[in-house]
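Chemist: What follows is a single structure, and I will ask about it in a moment.
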Amino acid sequence: MRLSKLYLPTLREVPGDAEIASHQLMLRAGMIRRTVVGIYSYLPLGLRVLSKIENIVRKHMDAAGSQEVRMSVVQPREIWDASGRWEKYGPEMFKLEDRHGREFSLGPTAEEYFSFLVKDELNSYKQLPLNLYQIQIKYRDEKRPRFGLNRSREFLMKDAYSYDRDYEGMLQSFKEMEKAYDAIFTEIGLDYVKVDSDSGQMGGNLSTEFQALADTGEGELLYTEDFHFAASIEKCAVVYSIEDTAEELPMEEVETPGAKTIAALCQQLSIQPEQTVKCIDLLVKGEPVFALIPGDRELNMTKLINYLDVAEHDVEMMDHDTIVKCGSFPGFTGPVHMKGRFIADDRVFQMKNMVVGGNKEDIHIKNVNVPRDFQAEKAGDLLTAREGDMSPDGKGTLHIRRGIEVGQIFGLGTQYAESQGAGYLDENQQKKPFYMGSYGVGISRTITAVIEQNHDDNGIIWPLVVAPYHVIISIMNVKDEAQLALGEQLYKDLSKDWEVLLDDRKERPGVKFNDRDLIGIPLRITVGKGAAEQIVEFSHRRSPKEVREVSVSDIAQILQEEKAKEDKHDR
């Protein structure tokens, strides 16, 4: 491709609404353009990268025995009603009606749809196991679209679904998909880890996330040395107990003017945070719920939502007026002499003589004990793990890093098959539901992960395997006949084996170099003053200052050597 013909509207300035490097660079490098918040158009360079990642995913899914199909993005309400997720999925689902008043969604995922697809034709144990996948656009009306393609409302995803006759078969399919995903992200060249994760809206209790490590990632990962243990912050268990054998003391109200925070309370009463209990005031489906946790810890909302068996959008924080209507005062809510549903982390039941809110302005209560002074539901672990905690396996302390979720695999069990009446006849002609798995790769999001891990101050540094072009030939002066002729000849010869971009524009060398760095083509050939002697300059985007003069006759071998180096590094 000639740069003089390429639609490449690069930007010199960093867009003001772009928060992270990948978003900034994709806009500046002319890869994407925003249509509205959270929805983007792909320009030629961006689409080439997207297609390359898509083809890598397709290659490894095919190798794993999965078969590609293509489903519509429009899904009828009835199949979502059958699973109970039409309402539960919540405001993230785009919903629409046709001219006859029939309701549909723009698919955010496709568990129901794939179950519906096979229900009438996949009906014998002899047809199992089966694995189907599609590469399709998904739609989720994100509350806060941000970080460019990393959290958008329209995105390209590979989703696959396996059908097995029993749990053991589902587990085998899960492992095969895990292996395929390892191959996908290894070939792309991502620095990634696998973490135990929460299944969320998907259901089931078997789930693994593939997280590309990045300081700008939205997800927090808890891990031990060498990632012998790793889990998402939503999933990671907090393992500790309190051995408090103190004698229970009489309750006592104390004045704590303005002490609406644990820090202020501890300063006034000269106590430690672990002697206090936080009360988090929530509305769950419009009903008041109060979560109780030790004062030195933070509530894990995902764990609470799972305990309550509600959707994330069903839970909101109480406002000032609602807290007052419940009989308390903001900043001073507590479980004593207060009506409502109180749900407590297990550690609260091990504490003695705790300090809690007094439900009156500027009042707390000392020496509170359960069950003597209040009743609460024992909800298990409701805490957020933190740096320095012991890992759940007891083999190390936890550290925190951030990551971008590029893939997730789920063992779903039979729930979706049962909701659609999908199943098979066994050897005894007894109908049984499928055990399903669900497997997703965020193809468009993977682009952001690659860039977050591969960039510098000047632009993107593409790994060769996903680069929009492998080689860029920059002619310094297109008015120089020797330079132009050599550049054209190299372009013709190398294009037989490589994807080549020829910068034949009538621009200053500085402009060409800046654009070359920005768009990140890995292998760079500069045709300049040595053209008459068949000498060019070669450099790699990853080490741009290491420039060497080489003979044109050696270029083909040099390119092959560079490819071999990268292939070896990826393995």
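Chemist: For segment 204-306, what is the largest minus smallest coordinate of the Cα atoms on each principal axis, given in angstrom and ordered from greatest to least?
Modeler: Computed over the Cα atoms, the extents are 50, 38, 29 Å.
Chemist: From the P(r) of segment 305-436, could you give the percentage of C-alpha pairs in the tail past 19 Å?
Modeler: Of all Cα-Cα pairs in segment 305-436, 72 percent lie more than 19 Å apart.
Chemist: Moving to a separate point now. Taking only protein heavy atoms into account and a 1.4 Å probe, give the accessible area per residue of segment 329-476 in Å².
Modeler: Numbers: 5180 Å² over 148 residues.
Result: 35 Å² per residue.
Chemist: Set the Förster distance to 60 Å, then compute FRET efficiency between ARG542 and ASP296 from the Cβ-Cβ distance, nearest 0.05.
Modeler: Numbers: r = 45 Å, r/R0 = 0.76.
About 0.85, to the nearest 0.05.
Chemist: Also, quick follow-up: When the expected Rg is taken as 2.2 N^0.38 Å, what fraction or multiple of it is the alpha-carbon Rg of segment 261-318?
Modeler: On the way: Rg = 13.4 Å, N = 58, 2.2 N^0.38 = 10.3 Å.
Working it through for segment 261-318, the quotient is 1.30.
Chemist: Among the listed pairs LYS235/LYS568; LYS492/LYS545; LYS52/LYS194; LYS119/LYS175; LYS325/LYS378; LYS175/LYS431, which have their C-alpha atoms separated by more than 30 angstrom in this model? Could the numbers behind the result be given before it?
Modeler: Working: LYS235/LYS568 35 Å; LYS492/LYS545 27 Å; LYS52/LYS194 23 Å; LYS119/LYS175 24 Å; LYS325/LYS378 25 Å; LYS175/LYS431 26 Å.
In this structure, LYS235/LYS568 exceed 30 Å between Cα atoms.
Chemist: Oh, and also: Using the beta-carbon distance between VAL193 and SER551 and R0 = 51 Å, what value does 1/(1 + (r/R0)^6) give for FRET efficiency, to the nearest 0.05? Walk me through the numbers before you get to the answer.
Modeler: Details: r = 44 Å, r/R0 = 0.86.
Computed FRET efficiency for VAL193 and SER551 comes out at 0.70.
Chemist: Here is a follow-up. Under 8 Å for C-alpha pairs, at least 6 residues apart: give me the relative contact order for segment 512-554, rounded to a whole percent. It would help to have the intermediate numbers written out before the result.
Modeler: Working: 50 pairs, mean separation 13.2, N = 43.
Reported as a whole number, the value is 31 percent.
Chemist: So if I place +1 on the C-beta of Lys and Arg and -1 on the C-beta of Asp and Glu, and nothing else carries charge, what would the dipole magnitude of the chain be about its Cα centre? I want it in debye, nearest 20.
Modeler: Numbers: 71 positive and 94 negative charges, 377 e Å.
That gives a dipole near 1820 debye.
Chemist: Roll a 1.4 angstrom probe over the protein heavy atoms and tell me the percent of accessible area of the chain that is carbon or sulfur.
Modeler: On the way: 12470 of 26350 Å².
Here it works out to 47 percent.
Chemist: Quote the accessible area belonging to GLU68 in square angstrom, nearest 10, computed with a 1.4 Å probe and with ligands, DNA and RNA left uncounted.
Modeler: Number for this one is 70 Å².
Chemist: Taking a spot 7 Å from the Cα of ASN55 along the direction of its beta carbon, which residues of segment 445-484 have an amide N less than 13 Å from it?
Modeler: Within reach of a label on ASN55, which here means backbone N under 13 Å from a point 7 Å along Cα→Cβ, segment 445-484 contributes 465-470.
Chemist: Here's something else I'd like to know. What Kirkwood radius, in Å to one decimal, follows from the Cα pairs of segment 464-533? Provide the component values of the computation, followed by the final result.
Modeler: Working: mean 1/r = 0.0822 Å⁻¹.
After inverting the mean inverse Cα-Cα distance, the result is 12.2 Å.
Chemist: With N set to the residue count of segment 1-130, report its C-alpha Rg divided by 2.2 N^0.38 Å to two decimal places. Don't skip to the end; give the middle numbers.
Modeler: Working: Rg = 20.3 Å, N = 130, 2.2 N^0.38 = 14.0 Å.
Cα-based Rg divided by the globular estimate yields 1.45.
Chemist: Place a point 7 Å from the Cα of THR186 along the Cα-to-Cβ direction; which residues of segment 30-73 have their backbone N under 12 Å from it?
Modeler: Inside the label zone: nothing.
Chemist: Could you give the semi-axes, largest first, of the ellipsoid that matches segment 85-133, computed as the square roots of 5 times the alpha carbon gyration tensor eigenvalues and rounded to whole Å?
Modeler: Working: eigenvalues 161, 36, 14 Å².
Square roots of five times the eigenvalues give 28, 14, 8 Å.
Chemist: SER124 accessible area, nearest 10 Å², 1.4 Å probe?
Modeler: Estimated to the nearest 10 Å², SER124 gives 30 Å².
Chemist: State, as an integer percentage, the relative contact order of segment 1-96 based on alpha-carbon contacts under 8 Å between residues 6 or more apart. If you can, show how the numbers build up before the last one.
Modeler: Working: 56 pairs, mean separation 15.4, N = 96.
Relative contact order, segment 1-96: 16 percent.
Chemist: While we're here: Dipole of segment 417-526, Cα-centred, from +1 at each Lys and Arg C-beta and -1 at each Asp and Glu C-beta, to the nearest 20 debye?
Modeler: On the way: 12 positive and 17 negative charges, 33 e Å.
Charge dipole of segment 417-526: 160 debye, to the nearest 20.
Chemist: Take GLU427, project a point 7 Å from its Cα along the Cβ direction, then tell me which residues of segment 155-190 have their backbone nitrogen under 17 Å from it.
Modeler: What the label zone holds, given the 17 Å backbone N cut-off, is 165-169.
Chemist: Using +1 at the C-beta of Lys and Arg and -1 at the C-beta of Asp and Glu, which of PHE210, LEU308, THR526 has the Cα lying farthest in the positive direction of the dipole of the chain?
Modeler: Checked the options; the winner is THR526.
Chemist: Here's a follow-up. Treat each spin label as a single point 7 Å out from the Cα along the C-beta direction, and report the GLU247 to ARG99 distance in nm.
Modeler: Spacing of the two 7 Å Cα→Cβ label points: 8.4 nm.
Chemist: Right, here's the next one. Between segment 496-571 and segment 269-339, how far is it from one alpha carbon centroid to the other, in angstrom?
Modeler: Rounded to whole Å, the Cα centres lie 60 Å apart.
Chemist: Out of all DSSP beta bridges in the chain, what portion is antiparallel? Express it as a percent rounded to 5.
Modeler: Values: 91 of 112 bridges.
Roughly 80 percent of the DSSP beta bridges within the chain come out antiparallel.
Chemist: Let me ask another. Compute the length gained on full extension between ASP226 and LYS339: take 0.36 nm times their separation in residues and subtract their Cα-Cα distance, giving the result in nm to one decimal.
Modeler: Values: separation 113, 0.36 × 113 = 40.68 nm, distance 4.79 nm.
So the chain would gain 35.9 nm between ASP226 and LYS339.
Chemist: Ok, one more. Using R₀ = 30 Å, calculate the FRET efficiency as 1/(1 + (r/R₀)^6) where r is the Cβ-Cβ separation of GLU78 and HIS313; round to 0.05. Mind dumping the intermediate values first?
Modeler: On the way: r = 22 Å, r/R0 = 0.73.
The calculated FRET efficiency here is 0.85.
Chemist: Tabulate in residue order the Karplus-calculated ³J(HN,Hα) for segment 265-273, using 6.51 cos²θ - 1.76 cosθ + 1.60 with θ = phi - 60°, rounded to whole Hz; enter x for Gly and Pro.
Modeler: Each residue's phi maps through the Karplus curve to give 4, 5, 5, 5, 9, 6, 10, 9, x Hz.
Chemist: Also: Starting from segment 263-325, pick out the trypsin sites (Lys or Arg not before Pro) whose DSSP state is loop and whose Cβ has at most 13 other Cβ atoms within 10 Å. Before the final figure, lay out each step's value.
Modeler: Values: sites: LYS278, LYS285, ARG297, LYS303, LYS325; in loops: LYS285, ARG297.
For trypsin sites (Lys or Arg not before Pro) across segment 263-325 that sit outside H, G, I, E and B with at most 13 neighbouring Cβ atoms in 10 Å, the list reads LYS285.
Chemist: In Å, the Kirkwood hydrodynamic radius of the chain over pairs of distinct alpha carbons? Please report the intermediate quantities before stating the final value.
Modeler: On the way: mean 1/r = 0.0366 Å⁻¹.
Over the chain, the inverse of the mean reciprocal pair distance is 27.3 Å.
Chemist: Please provide three numbers in whole Å: the alpha-carbon extents of segment 256-373 along the principal axes, with the largest listed first.
Modeler: 40, 30, 25
Chemist: Also, quick follow-up: What per residue convex hull volume, in Å³, do the alpha-carbon atoms of segment 182-258 yield? Write out the running numbers ahead of the final one.
Modeler: On the way: hull volume 18.9 nm³, N = 77.
Expressed per residue, the convex hull around the Cα atoms of segment 182-258 is 246 Å³.
Chemist: Something else: Whole-Hz ³J(HN,Hα) for each residue in segment 205-218, computed from phi via Karplus 6.51 cos²θ - 1.76 cosθ + 1.60 with θ = phi - 60°, x for glycine and proline: what do you get?
Modeler: Using θ = phi - 60°, the values come out as 10, 10, 7, 10, 9, 10, 10, 7, 5, 6, 5, 9, x, 7 Hz.
Chemist: Could you list which residues have their amide H under 5 Å from that of LEU43, counting only those 5 or more apart in sequence or on another chain, with H placed in the peptide plane?
Modeler: Sorted by chain and number, the residues that satisfy this are ILE32, ARG33.
Chemist: Which one of LEU283, LEU490, ASN428 has its Cα pushed farthest toward the positive end of the charge dipole of the chain, where Lys and Arg give +1 and Asp and Glu give -1 at the Cβ?
Modeler: Working it through, the farthest residue towards the positive pole turns out to be LEU490.
Chemist: In vacuum, with every alpha carbon of segment 104-165 counted as one equal point scatterer, what does the Debye formula give for log10 I(q)/I(0) at q = 0.23, 0.24 Å⁻¹? Two decimals, please.
Modeler: The calculated log intensity ratios at q = 0.23, 0.24 Å⁻¹ are -0.95, -1.00.
Chemist: Averaged over every viewing direction, what's the projected area of the C-alpha convex hull for segment 377-516? Give it in nm², one decimal, please. Don't skip to the answer; put the middle values down first.
Modeler: On the way: hull surface 76.7 nm².
Spelled out: convex hull of the Cα atoms, projected over all directions, averaged, 19.2 nm².
Chemist: Using the Karplus equation 6.51 cos²θ - 1.76 cosθ + 1.60 (θ = phi - 60°), what ³J(HN,Hα) coupling, rounded to whole Hz, does each residue of segment 476-491 give in order, writing x for Gly and Pro?
Modeler: Result, rounded to whole Hz: 5, 9, 6, 7, 7, 4, 5, 5, 5, 5, 5, x, 5, 5, 4, 4.
Chemist: Let me ask something additional. Using only the Cα atoms of segment 507-571, what semi-axes does the equivalent ellipsoid have when each is the square root of 5 times a gyration tensor eigenvalue? Give whole Å, largest first. Mind dumping the intermediate values first?
Modeler: On the way: eigenvalues 90, 60, 12 Å².
Equivalent-ellipsoid dimensions as semi-axes: 21, 17, 8 Å.
Chemist: Further question on the same structure: Test of the criteria: in segment 76-136, which GluC sites (Glu not before Pro) are in a DSSP loop and have at most 14 other Cβ atoms within 10 angstrom of their Cβ? Don't skip to the answer; put the middle values down first.
Modeler: Details: sites: GLU78, GLU87, GLU92, GLU97, GLU103, GLU111, GLU112, GLU121; in loops: GLU121.
Sparse-neighbourhood loop GluC sites (Glu not before Pro): GLU121.
Chemist: Given the -39500 (n - 2.57) contribution per DSSP H run of 4+ residues, what per-residue ellipticity at 222 nm results for the chain, rounded to the nearest 500 deg cm²/dmol? Each step should come with its number before you reach the end.
Modeler: Details: 14 runs with 149 residues, N = 571.
Estimated from H runs of four or more residues: -8000 deg cm²/dmol.
Chemist: Quick one: Kirkwood hydrodynamic radius for segment 314-369, alpha-carbon pairs, angstrom, one decimal? Can you show the working numbers first?
Modeler: Values: mean 1/r = 0.0822 Å⁻¹.
That comes to 12.2 Å for segment 314-369.
Chemist: With labels modelled as points extended 7 Å from the Cα through the Cβ direction, what inter-label distance (nm, one decimal) is found for VAL69 paired with GLN489?
Modeler: 5.6
The values are calculated or read from the model by the stated rules, or taken from the named source; none is laboratory data. Small disclaimer: the values here were computed from a predicted structure and weren't measured. Positions of Cβ are generated from backbone atoms using ideal geometry, with glycine treated the same way; all protein chains shown enter the neighbour counts. Ligands, DNA and RNA are excluded from the accessible area calculation, which covers all protein heavy atoms including side chains. Shrake-Rupley method; radii C 1.70, N 1.55, O 1.52, S 1.80 Å.
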